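Undergrad: Below you will find the structure I want to go over with you.
The values are calculated or read from the model by the stated rules, or taken from the named source; none is laboratory data. Bear in mind the structure is a predicted one, so any value in this text is a computation, not a measurement. Here the Cβ is made from the backbone with ideal geometry for all residues, glycine too, and neighbour counts use every protein chain on show.
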Amino acid sequence: MQFKHIIGQSEVKQRLINTVTENRVSHAQLFLGPEGSGSLALAVAYAQYLSCEDRQPYDSCGVCASCRKYQKLAHPDLHFSYPFFAKDKNDTALTFIEQWREALLANPYLSLDTWRGYLDAENKQANINIAECHQIIKKLSFKPFESVYKILILWLPEYLDKEGNALLKIIEEPQPNTVFLLVAQNQDQILNTILSRTQLVKIPALNYEEIKLDLIENHHQTELAAAEIAYLSNGNMTEALAMLQQDDKGYHTMFVQWLRLCYGNRGLEIMPFVDQLAKLGRENQKNFLRYGISFIRECCLIMAGAGSLVHLPPNELDTAQKMTNVMNTAMAQVISTELEKAHYHVERNANPKILFLDVSLQIVKVLNFKTLPQGTQYIPN
């Protein structure tokens, strides 16, 4: 994997390249970024650059023997560790290495939910067990076979329990030219003993324009479709790629129709609309609610006088500006909270008809009767 194939993150890429050209490669680094930011892909591209036999100023060459093996994730000095769903206490990451290569080559913006789909997870909890920790120590006790560096990429160290303390010595005092690249999403869930021994590399979420441009250039989306997906994904390329698999349901039109029905307190029309939402399927229901949350957030930005920060196509922007005439910030916050709660319950398989009917009634109360939760201040328009 090369840097040029990773969306955005130009500053992070240059910083990583500089550590190599300036001979400042830290033996233990923590790539910390939110889901869909490309942190795992960056770790693999960095490892390939470290091992490349003909490094270029801004990327690995992509054609040397080392790069060709990296492109198949099969270099003998490249090792992976990741959460898995053990069937036996002796299972390690190597047990699932073929599935891992298939999953990562198919989607460099891999999420744990996507990874679960490649395994017979059943109801098991993902973790990195003590057998895997011992396997890591064993693998890294040898010298590199072909490359200057032996590299371990440990994805989601948050799933290392106290067993992770077994790795402290080898992280602190590794064999020469051994590099640990930990790829995490939540710093607070990592063992402090491991965290204190790593150099932090912060990776920001992707911005709206970067995702939109990639969807147009590499996924053949129209500008309108790319704009909506980029808007809904909120900087998460994993979510954006998942949305490409969903049918275009016209979330804006549906969401505005829903708000109009609620604002008009048209109960007889709300019921068939709820039935329509219930038939969308769980993933489309989640995307619909996610769109609603994002749309209400943009309305709040307009009401706060921050219209320059709003990313909406012209017709949606016009609707958002009109919405600010019938609700204020306090009302918008309550509606957004109701949508977030609904998204949470959809993920947990709530009955969609009951759920969307309840949310509809809550929106009716807010828009028509200015009914806000106790302690919420009502500010007239």
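Undergrad: Would a scan of the stretch 37-53 turn up a residue that is assigned by TED's automatic domain parsing to the domain that holds residue 180, closer than 25 Å to residue 186 by Cα and not in a helix (DSSP H, G or I)?
TA: Yes, the stretch 37-53 contains at least one residue that is assigned by TED's automatic domain parsing to the domain that holds residue 180, closer than 25 Å to residue 186 by Cα and not in a helix (DSSP H, G or I).
Undergrad: Just for the stretch 1-50: of the residues that are among the polar types (S, T, N, Q) and in contact with a strand residue (DSSP E or B) (Cβ under 7 Å, 6 or more places away or on another chain), which one is farthest from residue 207 (Cα to Cα)?
TA: The selected residue is 26.
Undergrad: Only one of these conditions is not met by residue 4: (1) farther than 26 Å from residue 139 by Cβ; (2) in a helix (DSSP H, G or I); (3) touching a residue at least 60 places away in the same chain (Cβ under 8 Å). Which number is it?
TA: Only one criterion in (1) farther than 26 Å from residue 139 by Cβ; (2) in a helix (DSSP H, G or I); (3) touching a residue at least 60 places away in the same chain (Cβ under 8 Å) is unmet by residue 4, namely (3).
Undergrad: Would you check if residue 103 is farther than 30 Å from residue 211 by Cα and either surrounded by 14 or more Cβ atoms within 10 Å (Cβ to Cβ) or in contact (Cβ under 8 Å) with a residue 40 or more places away in the chain (or both)?
TA: Taking the combined requirement at face value, the residue does not satisfy it.
Undergrad: Only one residue in 237, 254 is buried (at least 20 other Cβ atoms within 10 Å of the Cβ) and not assigned by TED's automatic domain parsing to the domain that holds residue 36. Which one?
TA: Answer to the check: 237.
Undergrad: Looking only at the stretch 140-149, filter to residues that are farther than 30 Å from residue 34 by Cα and hydrophobic (A, V, I, L, M, F, W, C); which one of those is surrounded by the fewest Cβ atoms within 10 Å (Cβ to Cβ)?
TA: The selected residue is 145.
Undergrad: Go through the stretch 150-173 and give me each residue that's of a type in the set (Phe, Trp, Tyr) and surrounded by fewer than 17 Cβ atoms within 10 Å (Cβ to Cβ).
TA: Those that are of a type in the set (Phe, Trp, Tyr) and surrounded by fewer than 17 Cβ atoms within 10 Å (Cβ to Cβ): none in the stretch 150-173.
Undergrad: Any residue at all in the stretch 197-204 that is buried (at least 17 other Cβ atoms within 10 Å of the Cβ), in contact (Cβ under 8 Å) with a residue 12 or more places away in the chain, closer than 26 Å to residue 19 by Cα and under 14 Å from the mean Cα position of the chain (by Cα)?
TA: Yes - at least one qualifying residue is present in the stretch 197-204.
Undergrad: Given the options 268, 312, name the one that is of a type in the set (A, V, I, L, M) and under 26 Å from the mean Cα position of the chain (by Cα).
TA: 312
Undergrad: A further question on this structure: Can you tell me which residue among 171, 153 is on the phi < 0 side of the Ramachandran plot, part of a strand (DSSP E or B) and out of contact with any His (no Cβ under 7 Å at 6 or more places or on another chain)?
TA: Residue meeting the stated conditions: 153.
Undergrad: All but one of (1) closer than 20 Å to residue 209 by Cα; (2) part of a helix (DSSP H, G or I) hold for residue 343; which doesn't?
TA: The failed condition is (1).
Undergrad: I'd like to check something: does the stretch 94-102 contain any residue that is within 24 Å of residue 7 (Cβ to Cβ) and touching a helix residue (DSSP H, G or I) at 6+ places or on another chain (Cβ under 9 Å)?
TA: yes
Undergrad: Another question, then. Filter the stretch 205-229 for residues that are assigned to a helix (DSSP H, G or I) and touching a residue at least 60 places away in the same chain (Cβ under 8 Å); which is farthest from the chain's Cα centre (by Cα)?
TA: The qualifying residue farthest from the chain's Cα centre (by Cα) is 224.
Undergrad: Starting from residues that are within 10 Å of residue 289 (Cβ to Cβ) and without any contact (Cβ under 8 Å) to a residue 24 or more places away in the chain, keep the ones in the stretch 325-344 and report whichever is surrounded by the most Cβ atoms within 10 Å (Cβ to Cβ).
TA: Residue satisfying both the conditions and the ranking: 341.
Undergrad: Oh, and also: When residue 19 is evaluated against the numbered criteria (1) surrounded by 14 or more Cβ atoms within 10 Å (Cβ to Cβ); (2) in contact (Cβ under 8 Å) with a residue 60 or more places away in the chain; (3) not charged (D, E, K, R), which criterion, by number, is the only one it fails?
TA: The one condition residue 19 does not meet is (2).
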